[in-house]
Structures are given as structure tokens and as C-alpha cells.
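What follows is a set of notes on a single structure, which appears directly below.
The values are calculated or read from the model by the stated rules, or taken from the named source; none is laboratory data. Everything numeric here is computed off the predicted structure, so don't read it as measured data. Neighbour counts run over all protein chains shown; Cβ positions are idealised from the backbone, glycine included. Only protein heavy atoms, including side chains, enter the accessible area calculation; ligands, DNA and RNA are left aside. Shrake-Rupley method; radii C 1.70, N 1.55, O 1.52, S 1.80 Å.
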Amino acid sequence: MRKDWVMEAEPRIGVYICHCGVNIAANVDVEQVAQFAATLPGVVVSRNYLYMCSDPGQGLIQQDIQQHGLNRVVVASCSPRMHEPTFRGAAQQVGMNPYLVEMANIREQCSWVHSNREQATEKAKALVASTVAKAAQLEPLEEREVGVTPGAVVIGGGIAGMCAALDVADAGFPVYLVEQSDRLGGRLKDLNCTFPTLEPVAGLLGPLIERIQNHPQVTVFLDSRVTGVEGYVGNFEVQVTPALTPDPSPPPHSPPPAGGQGGGEVVQSTNIEVGSIIVATGYDVFDPHRKPELGYGQYANVITSLEMEQRLLEGSVAVDGRQPERVAFIKCVGSRDVQIGNPYCSRVCCMVTAKQARLVRELLPESDVTVFFMDVRTFGKGAEEFYDEARGKGVLYRRGNVSEIYRRGERVVLAGEDTLQGRSFEFEADLVVLAVGMEARSDVGELSTLLKLPRSADGFFLELHPKLRPVDTAVNGVFLAGCCQGPKDIVDTVAQAKAAAASALIPLIRGTVPAESATAVVEPELCAGCGMCVEVCPFGAPALDPLWGVSRINYVLCKGCGTCAVTCPSKAIRLQHFTASQILAQVDALVEW
Amino acid sequence: MEVGGWRSNEMRNSCTTFPKAGSLREGPASRVPPSRKLGAFGKVRPAALVIGGGIAGIQAALDIADAGFPVYLVEREPSVGGRMAQLDKTFPTLDCSACILTPKMVDVGRHPNIELMTYSEVVAVTPPSPPLTGGGERGRFRVQVRRKPRYVDVSKCTGCGSCAAACRMKGRVLNRFDEGIAKRSAIYVPFPQAVPLKYTVDPTACLYLSRGTCGKTFLCKDACAAGAIDFEQQEEMVDLEVGAIIVATGFDLLDARLKPEFGYGVYPEVMTGMEFERLSSASGPTMGKIAVNGKEPKDVVFIKCVGSRERRREQAAPGSVPYCSRVCCMYTAKHAHLVRDKLPDARITVFYMDVRAFGKGYEEFYDRVKHERVMYRRGEPSEVYRRGERGDQGGRLVVLAEDTMLGKPVEVEADLVVLANAVVPRTDMADVAGLLGLERSPDGFFQEAHPKLRPVDTCVDGIFLAGCCQGPKDIPDTVAHAKAAAASALGVLVRHSSSTHSSSTHSSSTHSPGGRPT
Amino acid sequence: MTSQGLLKTEAMVEQLELMGCIQCGKCTGGCPVARKTELNIRSLIYQMLVEPELDVDTHPELWDCTCCFTCVERCPKDVRPADLIIGLRGQLVESGRVPDTIGDALMGIFRQGNPTGIAREDRAAWAKGMEIKAAQEGCEVLFFVGCTPAYDPRVQGVTRALVRAFAAAGLDFGTLGTEESCCGNEVRRMGEAGLFEMLVEENGELIRSVGASRLVAPSPHCFNTFKNEYNLDGIQVLHYTQLVAELIEQGRLKLTQEVKKTVTYHDPCFLGKQNHIFDEPRAVLKAIPGLKLVEMDRSRERSLCCEGGGGRMWAEGTNLQERLAFQRVREAAETGAEILAVACPFCLLTLEDAVKVQGLDHSLQVMDIMELVDLALG
């Protein structure tokens, strides 16, 4: 619909009150509200229905738009976060501009938080009146799209990064894989073999690395970090900088720094333009020095599970040249520990421990192998069976979290309680393996600031929704893969990396991304060029035009937060879809209520 | 603004046609030739087929469709939504499951790139020849889909429900969506937020269809103002050509009667976890009220690992599976919380062997539930019996277990016992495997190509797995897995986009593709 | 509680938030006395959780706990198991079911302000011959002496050494003399919540009225309760090792005389494990010229409790097995040290006792750090 035609015509508003089953109807008299709405200025049609989001519900709206010539729609139902796209889409399908649809939240903000039906109904009426008042002032907004630079940057060259990179590259897009160490493989290359198949990691990793190195679409930057990110979804500019220590013979597959071969002088960065970014920066390992009662660092016979992997890789678990007779594994070191500040479970340690314990038994058939646990979390495919086999091979599982370790002669003593026997024990061991947990990396602070990525309480990167959006982030175009989002094993890492690739591929394959329409706009005649909007914007959207001296707002960067609009001393900025007149209309309606 | 919510005009034009305003309704779906090809949909760009419309299938379909490729989403039930639609709240966030799922269901229903085929089944699949990986040749799967007759004309049905209210069998047919704890009519929608919201006649329950007569008149037809009911409707066979297939057929739950020691099916106070979900759900048969035999339970006992983690010497111990079902520890914690929420004074006990709270936020949720005075007792219960004289229905149930922390047997009385029965492969896995040429793991689920590095690929090029049909998973892992399958499928489809199309003719279709679910 | 000693568990479970316990066993596993008594704190917690009632009388082992708080330090779910012991002891105290010796100690504190029952008027007798300011006149540092450092002849030497050192450093300090009462740390841990509250009020008022900016105590027990359980906002609470370390670093205390001995240091539970003060006592020892410091294997967070805390100084206890102090001095002897240094009056008494009884006194001597500093001051 043409904007001017819409604005000139009298508002013809359709109001739809949703029952949401009993979610709203139990606490709000929806019929009454609908009847009330019919009396509001501009309202031509007022209905109530069981589930507005359902097909027939949307059909009602569409029918009314056509038959009653509606030019505004108000849906009083759940939070817009649920179904705003649904109702906008329904309107759009019959030719109405989607921004002429407004929602009143009478569920989360009314029926779900109040119990007095009378009062809740009155409040719902007030909310509807307010929204109708705003709706009368709504304007159609332009739907825009932005082109997408084909290509993705993957930050991190471990298994997550590599798998994500391959999926994007296999779909025909250039991928730039940035790895801060001097080789690919991440933490996996330090592992011996994987559960539950017990196949050597080298056999898994080798071919994967080869595929990456030989893939015509993949460019690998080793010894490099991402030092700058500009732009927005579909149009990122990523700055990659090699590490400062010069390498006279640069590692293979890293492009020569622009400006000549490295020799210790100026370090040249590379700027890459891409459409999507995948973060696959991995994890840190808990430092068991933080649990001094376990004696790590004090006794040579207390090691971490990673150190054990190394020894298994080398084929010997000898301590001071002697084969251990009694080997103990302690789980949950640095995990499930509120005192330490890591209340979460590190997810992989139960299987890692079962695997290592079993391998030790196979390596040293005469040895005593005991695993001390609180729970056994062998949940994956084939995992429970693997745990059964470990016990079958003679690994003894004793329930009790070891409290401290001290020395007795050549051995160490584990002091704990066997909770099933109900007795405390002193367990002598020649070798103790601490199943150390995963932690969020400490060196991603810069990156998370560059990308504006939020973290969850446990320190890992925060996904957009814990159930339904495990790889997307609050930043459009930036996706998470692997343990940087939370501890996981190889299988789940690979699945998640591929999931991130899918999300990254969507804008790349489409070639465009939609841009938010409810953005701020500057009226150039009113703008004094003071630049305050530029200062206050958290997203870098406004910029002063050097020629005209007025501010222009990049509508793709703009998130519609409104900070500039309220800051502007000349009132030159309008936040579309939340204009002053719209909001004041809402306030007036509420105040007059 | 989420991708997939609404399309710009430009986007839509580049891949498929879309219905013009005013032409919302399709042409009649009945009275068409037995087998026909669909129209332009899937010809400009290669299409994907997603088998199964649960959250896995929905997610995979949305990702592929958002990237611009056409998707056929085939679902055997009358509505998409799968298991997730049956859930009350999801852990650990306690989101209302239907609330977070229905936007995706609606998305899938109106996505211009998704052809939603509900109440339909895949009956034949011919792999491409030459194989997909052959250089440059057009390798498409040929798929035949049976569209089962609803006996309702979806172009006329408004979902008003008058038919169900009038049906002679009202309140007499066990409703599978409610796990059999509630009843419906012979003409039904599985749940009120169904997509598409169109009624379907259950041929086994409908008196006319199963026995030939339904009294003097069809009460449903009389009640239907739109004249949508059509008992002459035939099934329809549709041929599709797709470049990639994603299998998202989901899972079943162990029949708890195979664990007779717990009294399921004998004692009304013993129910499964999924039945509890329906009981607790605000849109369920009791509107969310937890009551057994009409009374609020004072003692609630949860038993985990019912059927899971059992190795038995007998090869086919029907009630035992050796693997862990992965989700029960968390959903039991969630159920315990829901009981505490609704019945603040109830005594709640969870019997366990381990507590597998391994995911993001899970351990913290477990801690929270314990602080709500849910008593976790270690010990796998051995049996449930009724205390009192034989046949004395007044006696309470007793759960017998050893409390391994106390080191002695205990008897805990209960008014409600909830069993976390094992997640098992669907009963028709063998059929589906045969149809598609898939292999199965020893645990009965579909076998992925490599257990570590290729969690979604199968032994058949171009066919991928998504969700629980490959093994039990919670929702976040299912969504990730489904997206992974989509990534693999997109790789195939992109490669096929660049290959030449053969110029076979296609019959014109009375079916307008895309946009409206059917 | 009913007259038969049956405690209804629900209230205490809620009050102490025991529900967070996952029965991992780390508490009992680290409990120093669990290995030799019936005391199993994990099991007690579990019984509180599953049973509606607990017969507290059937758990005499409750008096075996030394309140070393290893369980509290190690619990991964932030449950405080030792608080349960204290709570259950409280039930016994309320109904008068306490061992006689504990009852006597409590009575002494109530009547004379100290557990020995010796008259309050004699509390300052240790200071005879020394000129010490009365804190009530105003001072920068309030020197809270404590009962054992005041009354026990063996420990009085340490107290006097402290006074000499403070004077040498020119510290403006004072004591409360006979107005001082027991700090109550052990009272609380013996379950006498009412008496503890009374002491907190009285002592607290007295301390606050002095107007000092700092409070120093020779006993880690007094230090612990003042720091963590009293409300002394605005007053910096220190253990003497912290203050002495500071004075040495500032150069106000000059240690000039050589003490050529090999010394090993035993971390007291109330100083080390509970308040994480490990380094200052070692800094003081290292500042003594000629002194060689060796560490026992079980040092710092793993220091073996001497069994003096939690009322054990006055309790017979249920287990008559070897006191942990005996094992501890053997561990000290194994290091080859000549001196086992302590920083707590209870450790001093129990460990010295253990040395004597085992006949190790020809090779191992137990001394308070302050006594060594005294020697180094010359």
C-alpha cells in the first residue's frame, strides 16, 4: 500500500482478542474486551478467537482485511516475541504492509501475572485501548534487504572450526579459517583415542586436516588472530593479524603477510569481507592447582586426564620408571563445584575416565583400577554399553568424591568416603588421574568484545535460545560451534559445527538478508550536525555526512534502540514504528483510562 | 527480525510461485488422477524431502527453505509438531513447549518454500542413478507419497470443530496425543494448535468407515456449515523428485507393561512420563490439574531408568534396552518441579541410579529442584505393589527399593508413581530402513555413517538423519542435529543447482504449490 | 523436640538448606575423625533428609566433631555439613543432654567468663609485672587475650611474648583486663546458641566502646568468631601472626638473634582451612634469622586437625582411639624438624601433650611461633 494513501485514509482498525486456549481466557474476559474494543475510535471490526496464531485465526484477519478494507490490525494475545512474525506475515500475504500490525501483550503482561479476573480484564482493556491508539498512528515501512558477501570466516581451527568450514566450503563458498596456534587440530590432537569406538584420534584428525588443506575454497591462517570486526550480517569486514613473533619460515598454507615476507618488522593484517562468521574458539582446561587439597603439582603421581592421554599416546603410564599397580581416577575436578565457581557439568569427563580406565586395564592387566565418582553420566550413543564393558574389564567404580590426597612413602593416599559402604577410606595409589573439567577460554575477551557476544552464567558464549537456537547468537550473522558454547564431546561438537554451518549458509545461499525496518531516520532539515547521536549509538549506525554536515543512519546497523532519538537536542531523529506521536498516543490512551 | 518469519517479494520470486492475494484456497484436492507430478515447485531448484514433522523435521525444513530451496515436508499425522507438541514445559528453562514450538509450526505451514504434506506417508523411494556423487549427472531421488484421505475437504474446512462436537463417537475414542488418558471423537484435530488446523476422520473409529453405517444420518455432515466432509475422498499418490532426503521420523516410548513389576496398566496411579506431561499440560485433559482418582496426590514417586540401561542375558528381553535414554534424568527433574509448583505440600521422591544432568544449565536445574525439597534417593526400585487386602482398592501403592545410601531396603508409599520409560526406536524402523536402504545400529536406531565425524550422514548418499531416529536426544541436541542434516543436504542441493536439468515434460497441475499447508 | 529426644527434621533441613546435598561423600571423606569414630556427617545429612524424625540421643558421636570445617570447605554444593552438627548439638544442649565436662566448661564460661571456671578476677594474672594499657582508655589496637592464653600456664608464656613484641614495636595497644569474657567461638560450636548470643552482645559492646581501629587475638578461635560471627564493622580483625608479619615487614620489629633450628609449621584449622591464612605465619618464621623452615606433606589446606576444636578440649568423646594429635606429631618428626611451630593455644596444648606421651620430647619440641619470635628479639 502506498504510504501516503494509508496516512491520508481514515484508520480502519481490526482488533482481535485471543483466548490462547485458557492461557488468557481463564483470567481475562476476552468477550468483554472485544466488545469494548469495538467502541474505540477507528475500530471497524472486533473479534475474539480461541487461537489467533492458528490457521483459521490468521484467516480471520486476512478475510477482514479484504472484506472490511482494514488498514490497521491489532492482535491482543501473547508476547510479540512469540508471534509478531506470524501476524505480520498473515497481513502481508494479503497485501497489507506488515508494519501496520501491532500487538498488545495481554498474556505475559496481564493474564499470566494477575489472578483477579475483574482487574485483569480492565487492564487488558487498557492495554488494548493503548495499542489501538498507537495503531491509528502506524505508518507502512519499507521492507529492505541487503546483499550478502559470499564467504565465511571461521575463528578456530579445532574440530568444530574445521567441520563447520568444510560444510560451508562444500556448498561452494570461500571460507577463511583463522587459527591462533601454529597448527590445526585444536585440543583433539593431544588426545590418544576417542570413545566409544577407541579409534586413534590421528586417524580421525589426519584426513580432516588434509581435506581442509586441500580444499580449493578454504584458506587457512595459522598463527593468526581476529583483531577487528566491522560491519553487520552479510557484510562483515574481518581483520586477521598474524602473531607478533616472526617466523622466518612461515608455516604452510598461511598467506604471506601483505607487504612482504615476515622478518620481524611491521606485522601486516589482512582484511577479509564475508557474509557470516562462525566462532569455534574451544575451551580451556580447569587448572587443578585451584584444588590444592588434591596435591596436583606437589606429587608426581597426581596427573590430569589430559596428561594421561599423552601418556597413553606414548604407550606408557609409568611413574618414575615404575609401572603403577594401583591407579585411581577422580571425577568432577573443577566441575559441579559451586565453591570453585563452576557449578556446571563438563559433560565429557565420565566417558573420558571410563575410556582411560579401561585402557589402563588393558595396558596393565595386573593393575588395580578404581574410579571414584558422584554420578556416572554415560549418556551418548554406545556410551552406557561402553561403561558396562569398562566394568566388565575390571574397572572398579566406587561412589565417593575424594576429599584430599597426601603422601605415604612412594605412594599417595586418597582420603574419601565410600558412600555405598558408608565408611571413610584411605586408598593408596601409585597413580592418580584427575578428570579436570572444561572452562570458558580466558583469552577470548577481546574477541567477544569485538563481536559483542554475550556470555552465559557459566562463562561460555550465550546462544540465542537454549532450546531452539543452539548455534545462533544475539548478533545476526555470528554463529557458535563447539565447546566455546559449552562443554561437549566430539559427536555433539561435529553436529553443532554443522548446525552452525547451516545457519551460516542460509544468508550466503540466499544472497540477501532482510534488514530491520523499524530503524531510526534523521530529518536532514532539522539536523544541526552536532554529532551527539554518533557518540551515543552503541552500534555505530549514525555517521556525519562530511559534505552536508548532517547525520545519516545506516539502517542495517541500526537496531532501533532509540538512544539517538532521545538524545538528539533538535528532535531531528524519528525512530520508525516507535515515533513520539505513536508513543504519546499510547500514553494518552492509558492516562485517560 | 528472524529469518524465516516473512519474506520479501524479491526472495519469493526467485524460487517459487506464490499464491496471489485472494486465491487463498487451493483447488479441490479430490478427484485427481491417481498419480501426478506436482507443478513448477521443485523444478527450478532441486528440492529436499523431509520425512517427519516433529521439531527435527521442522528445523531441517526451515533451514533448507530459508536458504532458498524448496522442501517437501511429509508428516504421517494430521498435524506437524511431533513429540514436542505433547510436552508441557521444557527443561531447563521451563518454557511452555507449545509456545516455543507453534511459531515454528506456523512458519513451516506458511513458508513459501515449504510444501507441507500432512497425513501423508512416503511409500516408495527410488535412489538416483547414476549415484549422486557421479560427476554432473542429474541425480534425483524419485519418491512416491501417499496422501491419506482425511474425508474432509481442506479447502473448505475452517477448523471450527462443530463436527467433532456432533460426532456419534464423541468422548469414546482414545486420543493418542493425550497418551490415551483422554478421549475424542472419530473426527478430530490432534490438538488445538495443530498446523494445519483441519479436521480428519479416523477411519478405524468412524462408524461409517469401519462398519458401513453411522445411524440414519451423518451427524458430522449435518453439523458442518462449510460442507467440508466428503466420505468419497480417495487417497492420492504423488510423485516427487528430490535431490536430498532427511529422515526425521522420531522415536517411540517403551510399552511400560513390559516391565510388569511396576504395575503399569494394573494400577491407575502408575503412569508414564509422557502421560504425566499431558496431565500437567494446561491444554491437556485435566487443564493442568494433577489428580489421580480425582484426588490430589500427597506422595509422588518418580522412577527412572524403566527399561533403559539394562543388559539381559536373554537376547530378546522385550522390556530391556542396554543404552541410556538420555532425556529422562532431566525430564524427571522437570516433572518433580512441576509437581512441587502445583502441589506445594506434596512429598516428592525421585529414585535414581545416576543423575545425568549433563547439558547447559542442567546441573544448576538439578540443584534448584533439590532445593525445592524434592528428595533424591539412590536406588532403582524393584517393584510397586498395593498394600492392603487383595482387591482392596483403598490401599495405597508402595514402591519397594533399596536406598543404597542408607544401605537398607525401604518402602515408600505413593499416590502417584511416574515411570521414565525408555526411548525406543519406532516400531516401523525396519520398514523405513528398507524403503530408504538405511542401516541400523545395534540399539535399533538408524546408523550414522561414522559414529564420531559423520553424525547425520548415512550409508546412502543424499540421505541424512535428523533427531531421535538416530538415537535419543533432548531438544537442543535434536535441533543442532537437524541443522547439521540441513547443512549436509544444502551441500548436495547447491551442487545440484549448478547441474543441468533434463527436459522432461510435466503434466499441468491443479495444485498451487507453496504457501498454504495441506 | 519430644521428650524422648526425637527431633522433627523438617525445620532444620529447611533452615540449613540441606536439600542441596547430592551425597557425594566429600565431607565424610575429608573428615579427620570419621576414620576413627562413628561420626559420618554425610549419613547424618541423609537421615535428616529422608526420615521425618531423628533420635539425637542415639548419636553420641556428635561430640567427636572438632569443627575443623573441612567438610564445609570442600562441599561442592555449598551445603554446610558442620552446621548440622552444631544444630544437633544445640538440640542436646537445650535438653541438658551434654557430657559432664562440656557442661562444666559452659557453666564456667557463664559464671566466670572462661571455661576453666577460675575466678574472673584472676583473668589478668598473667600480666603481673608487665605494664599494659587498659584498652578502655583508648588505643589503636585492642589486644583480645582470650581464655586459654590468659589462664593456661603453658600458654601464658606466649601471651607475655606477644606483649613484649608489641611493646618493642611501639604499638599502641591495650587489653580489656578482667572485663574480657570468653569470645564464645567454642560455645557456639558446642551448641549453646543462647550463651553465645549473650557473649556476642556483651563482648561486642565492650569492644566497640573501646574505639580501636584494629583487634588482634592470639587464638585463631577468637579471631575466627570476631571476624566472621561478630558484628565489628569498622574494626579490622587480625590474628597475631598477621600483625606480627606486618610489623616485621614495616621494620618495627627487628629480629636480630639467630635461632638455628629446623622448624616445621602446623596450620591450625581455624586459621588456615577456615580463614585461608597460610602465608603470614610462614613469613614470620622465615624472618627469623637462622631458622630453617620445612614443610610437612599435609600442610596448608590439608593440615591434619589436632582435635582441639569444637569443644574437644573439654569433651571425652566417644572414641578412645588414638588422638589425631599423635599422628600429627609423628608427621612432624618425620620431616626431621626439631621444632613443631604452632599458632594456636589449643594446637600447642594438644600437640605438646602428644609429643610427651609418645616420648618424642627428646627430639621434637612444640613451640608457638611467638615463642620463637621472642627468642629472635633477644
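Per-structure values
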quantity: In segment C:68-84, residue least open to solvent (accessible area, probe 1.4 Å) [restricted to those that are part of a helix (DSSP H, G or I) and of a type in the set (D, E, K, R)]; calculated: C:Arg74
quantity: Selection from segment A:37-66 of residues that are open to solvent by 40 Å² or more (accessible area, probe 1.4 Å), under 16 Å from A:Lys125 (Cβ atoms) and in contact (Cβ under 8 Å) with a residue 12 or more places away in the chain; calculated: A:Ala38, A:Pro41, A:Arg47, A:Asn48
quantity: Residue among A:Val154, A:Val146, A:Val168 that is under 27 Å from the mean Cα position of the chain (by Cα), assigned to a strand (DSSP E or B) and buried (at least 22 other Cβ atoms within 10 Å of the Cβ); calculated: A:Val154
quantity: Residue that is modelled with pLDDT under 95, more than 14 Å from chain C (Cβ to nearest Cβ) and buried (at least 16 other Cβ atoms within 10 Å of the Cβ), where the choices are A:Ser316, A:Ser276, A:Ser305, A:Ser269; calculated: A:Ser269
quantity: Hits in segment C:278-305 (condition: more than 13 Å from every other protein chain (Cβ to nearest Cβ), open to solvent by 10 Å² or more (accessible area, probe 1.4 Å) and part of a loop (DSSP other than H, G, I, E, B)); calculated: C:Pro289, C:Gly290, C:Leu291
quantity: Subset tally (residues that are small (Gly, Ala, Ser) and either free of Cβ contacts under 8 Å to residues at least 60 places away in the same chain or in a strand (DSSP E or B) (or both)) for segment B:445-470; calculated: 1
quantity: Flag if C:Ser219 is open to solvent by 20 Å² or more (accessible area, probe 1.4 Å), among the hydroxyl-bearing types (Ser, Thr, Tyr) and within 22 Å of C:Glu121 (Cβ to Cβ); calculated: no
quantity: Unmet requirement for A:Met532, which otherwise passes all of (1) open to solvent by 40 Å² or more (accessible area, probe 1.4 Å); (2) free of Cβ contacts under 8 Å to residues at least 24 places away in the same chain; (3) hydrophobic (A, V, I, L, M, F, W, C); calculated: (2)
quantity: Some residue of segment B:185-193 being open to solvent by 20 Å² or more (accessible area, probe 1.4 Å) and either among the β-branched types (Val, Ile, Thr) or away from chain A (no Cβ under 14 Å) (or both); calculated: yes
quantity: Strands (runs of 3 or more DSSP E) contained in segment A:431-492 and holding at least 3 residues touching a residue at least 40 places away in the same chain (Cβ under 8 Å) and closer than 30 Å to A:Glu293 by Cβ; calculated: A:431-436, A:438-440
quantity: Number of the exception - C:Lys77 against (1) within 13 Å of another protein chain (Cβ to nearest Cβ); (2) out of contact with any Asp or Glu (no Cβ under 8 Å at 6 or more places or on another chain); calculated: (2)
quantity: Hey, C:Tyr240 in the same structural domain as C:Cys222 (by TED's automatic domain parsing) and touching a residue at least 40 places away in the same chain (Cβ under 8 Å) or not; calculated: yes
quantity: Sole residue being at negative phi and modelled with pLDDT of 95 or more, chosen from A:Glu446, A:Glu428; calculated: A:Glu428
quantity: Scan of segment C:28-55 for residues that are in contact with an Asp or Glu (Cβ under 8 Å, 6 or more places away or on another chain), in a helix (DSSP H, G or I) and of a type in the set (S, T, N, Q), ordered by number; calculated: C:Thr28
quantity: Any hit, segment C:143-157, residues being open to solvent by 50 Å² or more (accessible area, probe 1.4 Å), touching a Leu at 6+ places or on another chain (Cβ under 9 Å) and assigned by TED's automatic domain parsing to the domain that holds C:Val200; calculated: yes
quantity: Cross-chain or 6+ apart pairs with Cβ under 6 Å, segment B:108-131 first and in a loop (DSSP other than H, G, I, E, B), then open to solvent by 30 Å² or more (accessible area, probe 1.4 Å); calculated: B:Pro112/B:Arg12; B:Pro112/B:Phe18; B:Tyr119/B:Lys148; B:Pro130/B:Glu137; B:Pro131/B:Asp461
quantity: Single residue of segment A:99-125 satisfying the filter (among the small types (Gly, Ala, Ser) and surrounded by 18 or more Cβ atoms within 10 Å (Cβ to Cβ)) that is nearest to A:Gln586 (Cα to Cα); calculated: A:Ala104
quantity: Exclusive hit being within 14 Å of chain A (Cβ to nearest Cβ), open to solvent by less than 10 Å² (accessible area, probe 1.4 Å) and in contact with a helix residue (DSSP H, G or I) (Cβ under 8 Å, 6 or more places away or on another chain), set B:Ala256, B:Ala244; calculated: B:Ala244
quantity: Residues of segment B:146-169 satisfying the condition of being of a type in the set (A, V, I, L, M, F, W, C) and not in a loop (DSSP other than H, G, I, E, B); calculated: B:Val152, B:Cys163, B:Ala164, B:Ala165, B:Ala166
quantity: Residues that are open to solvent by 10 Å² or more (accessible area, probe 1.4 Å), touching a Pro at 6+ places or on another chain (Cβ under 9 Å) and either at pLDDT 95 or above or within 14 Å of another protein chain (Cβ to nearest Cβ) (or both), drawn from segment B:287-320; calculated: B:Arg309, B:Glu310, B:Arg311, B:Arg312
quantity: Per-region count, segment B:400-444, residues open to solvent by less than 20 Å² (accessible area, probe 1.4 Å), polar (S, T, N, Q) and either closer than 30 Å to B:Gly379 by Cβ or not in a loop (DSSP other than H, G, I, E, B) (or both); calculated: 1
quantity: Segment B:333-365, residues that are open to solvent by less than 20 Å² (accessible area, probe 1.4 Å), over 21 Å from C:Glu10 (Cα atoms) and within 14 Å of chain A (Cβ to nearest Cβ); calculated: B:Ala333, B:Lys334, B:Tyr352, B:Asp354, B:Val355, B:Arg356, B:Ala357, B:Phe358, B:Gly359, B:Tyr362, B:Glu363, B:Phe365
quantity: Residue within segment B:355-368 that is within 30 Å of B:Ile245 (Cα to Cα) and of a type outside the set (S, T, N, Q) present; calculated: yes
quantity: Filter result for the condition that a residue is of a type in the set (S, T, N, Q), under 30 Å from C:Ala376 (Cβ atoms) and out of contact with any strand residue (DSSP E or B) (no Cβ under 8 Å at 6 or more places or on another chain), over C:Gln112, C:Gln156; calculated: C:Gln156
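Residue-wise test of (1) of a type in the set (Ser, Thr, Tyr); (2) out of contact with any helix residue (DSSP H, G or I) (no Cβ under 7 Å at 6 or more places or on another chain); (3) within 28 Å of A:Arg469 (Cα to Cα).
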{"position": "B:Ser320", "(1), (2), (3)": "yes, yes, no"}
{"position": "B:Val327", "(1), (2), (3)": "no, yes, yes"}
{"position": "B:Ala333", "(1), (2), (3)": "no, no, yes"}
{"position": "B:His337", "(1), (2), (3)": "no, no, yes"}
{"position": "B:Pro344", "(1), (2), (3)": "no, yes, no"}
{"position": "B:Phe351", "(1), (2), (3)": "no, yes, no"}
{"position": "B:Asp354", "(1), (2), (3)": "no, yes, no"}
{"position": "B:Glu363", "(1), (2), (3)": "no, yes, yes"}
{"position": "B:His371", "(1), (2), (3)": "no, no, no"}
